[in-house]
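First comes the structure, then the notes that go with it.
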């Protein structure tokens, strides 16, 4: 064998050893992960609905991993500041955070919104289905009656939302288009005042999510005409889904976990597997979420990324068709 051939064979052998060693180190690192505490960023205030729902999950993850999960509420800018903090965090796998439809709709109202291309999807943990809710004393007993009235008297029904371009406004616009009706959209600064407007009968309806109206429905002050889930909600089995009433409408908010772009895929998979077990197997967590009005609904990283992309594209469509008209300041 010539010297050149010997050198070539040796070089190939060396490269194989380097690749094998690198693969061993990657696998070893993944097996050891996590070795230190996590930081879980929630882009909303402590005590808010996301914070209340996610903290028990953070506690569960602490027990599962045997390391701390430190919740950091970074509020401000309608969720923008905390969402940007997730994007710019060290991609070492030890910082992750929550996301919702508000992370996407921020581009309608913020000059510097979060960029979903700068994050890795981990998993969806639960959804907050949209509802069509009216006052208990209203004349509408069913979704059919509501739609028929809206068609007969276009532009007269008032529907409260949580701000122009915010999630509840998006839900109402989408159903308005699907049902071929024309309503008056009344913006409020958040879900609580929108719900209060219904309770005070200042507006006829709202598309607020279930957690925002559930207690008032249970108390008999509000009436849910329909819920935008695939199947009837186990806490409100008497309320039909929009699909039950002939509308292929399954919308609502959601909460899931994201990590900064560049986190090693093996670490994403470790987090993803933990979240799956928590959301699909732990009955205490599931019961807690249902009691709060949330629907535990796990999606893995790939499916969650697809969902985010689809919602992003749907919002762009609504803007392009002139159904949402907002000037970002």
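The values are calculated or read from the model by the stated rules, or taken from the named source; none is laboratory data. Bear in mind that the values here come from a model prediction, so they are computed numbers and not experimental data. All Cβ positions, even for glycine, are placed from backbone atoms using ideal geometry, and neighbour counts span all protein chains on display.
Couple of notes before you dig in:
- Condition check for residue 242: on the phi < 0 side of the Ramachandran plot, touching a strand residue (DSSP E or B) at 6+ places or on another chain (Cβ under 7 Å) and modelled with pLDDT of 95 or more: yes
Conditions (1) within 27 Å of residue 280 (Cα to Cα); (2) in contact with a strand residue (DSSP E or B) (Cβ under 6 Å, 6 or more places away or on another chain); (3) crowded, with 23+ Cβ neighbours inside 10 Å, marked per residue:
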position: 35; (1), (2), (3): yes, no, no
position: 80; (1), (2), (3): no, no, no
position: 97; (1), (2), (3): yes, yes, yes
position: 103; (1), (2), (3): yes, no, yes
position: 115; (1), (2), (3): no, no, no
position: 124; (1), (2), (3): yes, yes, yes
position: 127; (1), (2), (3): yes, yes, yes
position: 131; (1), (2), (3): yes, yes, yes
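- Flag for residue 155 being under 23 Å from residue 78 (Cβ atoms) and without any contact (Cβ under 8 Å) to a residue 40 or more places away in the chain: no
- Scanning segment 121-152 for residues that are free of Cβ contacts under 8 Å to residues at least 24 places away in the same chain and in contact with a helix residue (DSSP H, G or I) (Cβ under 9 Å, 6 or more places away or on another chain) yields a single hit, 139.
- Residue check, residue 255 without any contact (Cβ under 8 Å) to a residue 40 or more places away in the chain, crowded, with 18+ Cβ neighbours inside 10 Å and either out of contact with any helix residue (DSSP H, G or I) (no Cβ under 7 Å at 6 or more places or on another chain) or within 22 Å of residue 112 (Cα to Cα) (or both): no
- Residue 314 more than 24 Å from residue 225 (Cα to Cα), modelled with pLDDT of 90 or more and assigned to a helix (DSSP H, G or I): no
- Residue 303 being closer than 30 Å to residue 36 by Cβ, touching a residue at least 12 places away in the same chain (Cβ under 8 Å) and touching a helix residue (DSSP H, G or I) at 6+ places or on another chain (Cβ under 9 Å): no
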